[in-house]
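Below is one structure. I have some questions about it.
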Amino acid sequence: MHALAQGIAYIPALLVVWSAAAFLISYLTAVVLGHVEPFVPYISDTGTTPPESAIFGFMISITSILGTFTMYARYKILQKQNEVAAFVPHWFNVMALMVGVLGSIGMVIVATFQEGSVPVIHDTGALITFLSGVFYILLQSIISYRSCPEWNSRRLCHVRMAISLVSLAALIPMIACSALVFFSYREWQPRTKDSKVQVASAVCEWIVAFGFVLYFLTYIQEFKKAEIKITTELHDGTR
């Protein structure tokens with residue numbers, strides 16, 4: 001707890017705890033109420049039927065806000081580090097932030113347009129979230145290597161890149177399998193694991209989702225060394 005009180009380490013820590021809870025609480029609720037199968041359901045299926053749909057929508061929306069705040073804080077930290085010793089172009093840092101924000105927007109779409117009501121929009125939001133998320137952590141891994149060893153260790157760089165590559169490796173079959181599953185259903189219904197394609201799709205989905213959670217967990221060490229200050233300036237105006 002003392003470590004989380006240092007600097008702004010509480011920001012990624014809160015994101016990690018909240019996002020993990022969002023997935024697990026909706027999953028447990030759906031399983032206990034018999035709305036999904038216990039064995040690797042699709043993440044979206046755990047947040048489709050009330051009451052877990054309300055829990056899922058609320059917690060995912062908050063996750064997107066926390067994620068955006070965390071990524072912006074990371075952007076500002078890199079900006080300040082780059083002033084000390086330039087290691088990455090400013091446009092690259094901005095691009096990484098924009099990609100991350102796009103992923104957060106996708107999460108809002110997922111939370112707002114639930115799969116049971118508007119599956120096409122929901123799945124589009126999920127695709128945006130996963131694609132942008134994996135691209136974001138890949139970009140951040142590249143930045144980490146560029147800033148090593150001044151601002152982080154080589155070991156941390158390897159861990160981040162490993163998480164990124166595993167997430168990317170899971171993303172490709174996830175999209176392919178999800179497309180096959182999506183086009184096999186003319187009307188939405190809770191999808192059952194009646195084929196290897198569906199099992200692979202669901203497993204890869206969970207791997208990518210918790211890949212994001214683990215990646216943000218690696219931010220804690222760096223955020224311990226940073227502080228955010230809010231300043232207010234008043235300018236003369238018309239009275």
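Do we have any residue at all in region 161-172 that's farther than 23 Å from T63 by Cα and either exposed (fewer than 15 other Cβ atoms within 10 Å of the Cβ) or modelled with pLDDT under 85 (or both)?
Looking through region 161-172, at least one residue is farther than 23 Å from T63 by Cα and either exposed (fewer than 15 other Cβ atoms within 10 Å of the Cβ) or modelled with pLDDT under 85 (or both).
Considering only residues that are within 21 Å of A30 (Cβ to Cβ) and crowded, with 20+ Cβ neighbours inside 10 Å, look in region 60-107 and name the one that is farthest from the chain's Cα centre (by Cα).
I60
Which pairs do you get when a residue that is modelled with pLDDT under 90, found in region 195-222, comes within reach of a residue that is of a type in the set (D, E, K, R) and open to solvent by 30 Å² or more (accessible area, probe 1.4 Å), reach meaning Cβ atoms under 8 angstrom, with the pair 6+ apart or on two chains?
Here the result reads Q198/R191; V199/K193, each pair linking region 195-222 to a residue that is of a type in the set (D, E, K, R) and open to solvent by 30 Å² or more (accessible area, probe 1.4 Å).
Conditions (1) of a type in the set (K, R); (2) without any contact (Cβ under 8 Å) to a residue 12 or more places away in the chain; (3) over 22 Å from S61 (Cβ atoms), marked per residue:
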| residue | (1), (2), (3) |
| --- | --- |
| W91 | no, yes, yes |
| M95 | no, no, yes |
| V101 | no, no, no |
| H122 | no, no, no |
| I128 | no, no, no |
| V134 | no, no, no |
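For region 9-30, check the following and say yes or no: at least one residue is outside any helix (DSSP H, G or I) and either modelled with pLDDT of 95 or more or open to solvent by less than 10 Å² (accessible area, probe 1.4 Å) (or both).
Checked against the condition, which is being outside any helix (DSSP H, G or I) and either modelled with pLDDT of 95 or more or open to solvent by less than 10 Å² (accessible area, probe 1.4 Å) (or both), region 9-30 yields at least one hit.
Name the residue, out of I207, I220, that is out of contact with any strand residue (DSSP E or B) (no Cβ under 7 Å at 6 or more places or on another chain), aliphatic (A, V, I, L, M), open to solvent by 40 Å² or more (accessible area, probe 1.4 Å) and under 30 Å from A9 (Cβ atoms). Give the derivation first.
On the way: I220 fails: open to solvent by 40 Å² or more (accessible area, probe 1.4 Å).
Every option except I207 fails the conditions.
The values are calculated or read from the model by the stated rules, or taken from the named source; none is laboratory data. Please read these numbers as outputs of a predicted model, since none were measured by experiment. Cβ sites come from the backbone with ideal geometry, for glycine too, and all protein chains shown count toward neighbours. Protein only, heavy atoms only, side chains kept; ligands, DNA and RNA dropped before computing areas. Shrake-Rupley method; radii C 1.70, N 1.55, O 1.52, S 1.80 Å.
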